[in-house]
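Notes for the one structure printed next.
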Amino acid sequence: MIIDELSNLGKYIHLVPELKEVIKFITENDLSLIPDGKVTLDQINGFVNFQTIPAKCDTFAKYESHRKMIDVQIPLTEDEHMLYVPITRIIEEGVYDDEKDIAFHLAEIGQSYRITIRKGMFVIFFPQDVHAPGITDVPLKKAVFKIPV
């Protein structure tokens, strides 16, 4: 997992070269004006999902992980809280849905870390990073870039 200011995203291109296309998309578009939905990123065989998430507390957050895609999550309108736990610390690994590239897991809240991604920041989740996103007091618009592993 990587958390940083959006202005530093380019510093991680050596780890994830496809971030170059993500940065290009961000600089060429006003993300806050793009309606909810999926935008294909053909250059990297990935996509970005724009979504508005209703308010949700920690207890309703679902732990998830992905095998085929790396997530680059960017809150656009509000700060977003998330729970994070290394995949080695989950209680029960969920059934993996290959078509949707997602598995939902059980984890003890005491084993997870609560992180805050402020507006103007990003978080990158790799396949070993189980995360429960979307914890917020008010509806939140966000962008989730999906980059193939």
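The values are calculated or read from the model by the stated rules, or taken from the named source; none is laboratory data. All figures in this text were calculated on a predicted structure; none of them were measured in a lab. We place every Cβ from the backbone using ideal geometry, glycine too, and count neighbours over all the protein chains shown.
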Condition broken by His131, with the remaining ones in (1) touching a residue at least 60 places away in the same chain (Cβ under 8 Å); (2) under 22 Å from Gly10 (Cα atoms) satisfied: (2)
Out of everything in the stretch 107-119 that is hydrophobic (A, V, I, L, M, F, W, C) and closer than 14 Å to Asp58 by Cβ, what residue ends up being surrounded by the most Cβ atoms within 10 Å (Cβ to Cβ)? Ala107
Which members of the stretch 61-81 meet the condition of being under 13 Å from the mean Cα position of the chain (by Cα) and among the β-branched types (Val, Ile, Thr)? Ile70, Val72, Ile74
Unique residue being touching a strand residue (DSSP E or B) at 6+ places or on another chain (Cβ under 6 Å), β-branched (Val, Ile, Thr), in contact (Cβ under 8 Å) with a residue 40 or more places away in the chain and surrounded by fewer than 20 Cβ atoms within 10 Å (Cβ to Cβ) when the list is Ile102, Ile90: Ile90
Looking at the stretch 32-58 only, could you name the residues that are touching a Lys or Arg at 6+ places or on another chain (Cβ under 6 Å) and within 11 Å of Lys146 (Cα to Cα)? Gly46, Phe47, Asn49
Is there a residue being under 15 Å from Lys142 (Cα atoms) and at pLDDT below 95 anywhere in the stretch 23-41? yes
Those residues of the stretch 76-91 that are of a type in the set (Ser, Thr, Tyr) and over 22 Å from Gln51 (Cβ atoms) come to a total of 1
Here are Glu18, Glu64: which of them is farther than 30 Å from Glu108 by Cα, of a type in the set (D, E, K, R), touching a residue at least 40 places away in the same chain (Cβ under 8 Å) and surrounded by 15 or more Cβ atoms within 10 Å (Cβ to Cβ)? Glu18
Of everything in the stretch 120-133 that's touching a helix residue (DSSP H, G or I) at 6+ places or on another chain (Cβ under 9 Å) and surrounded by 13 or more Cβ atoms within 10 Å (Cβ to Cβ), which residue is nearest to Leu83 (Cα to Cα)? Ala132
Answer yes if at least one residue in the stretch 77-85 is under 25 Å from Asp36 (Cβ atoms), buried (at least 19 other Cβ atoms within 10 Å of the Cβ), in contact (Cβ under 8 Å) with a residue 12 or more places away in the chain and charged (D, E, K, R), and no otherwise. yes
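Residue-by-condition table, conditions (1) closer than 15 Å to Val144 by Cα; (2) touching a Ser or Thr at 6+ places or on another chain (Cβ under 6 Å):
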position: Leu83; (1), (2): no, yes
position: Glu92; (1), (2): no, no
position: Asp98; (1), (2): no, no
position: Ala107; (1), (2): no, no
position: Lys119; (1), (2): yes, no
Would you be able to say whether some residue in the stretch 116-137 is under 15 Å from the mean Cα position of the chain (by Cα), at pLDDT 95 or above, over 30 Å from Thr27 (Cα atoms) and not in a loop (DSSP other than H, G, I, E, B)? no
Check off (1) surrounded by 18 or more Cβ atoms within 10 Å (Cβ to Cβ); (2) within 15 Å of the chain's Cα centre (by Cα) for Lys56 and give me the number that stays unchecked. (2)
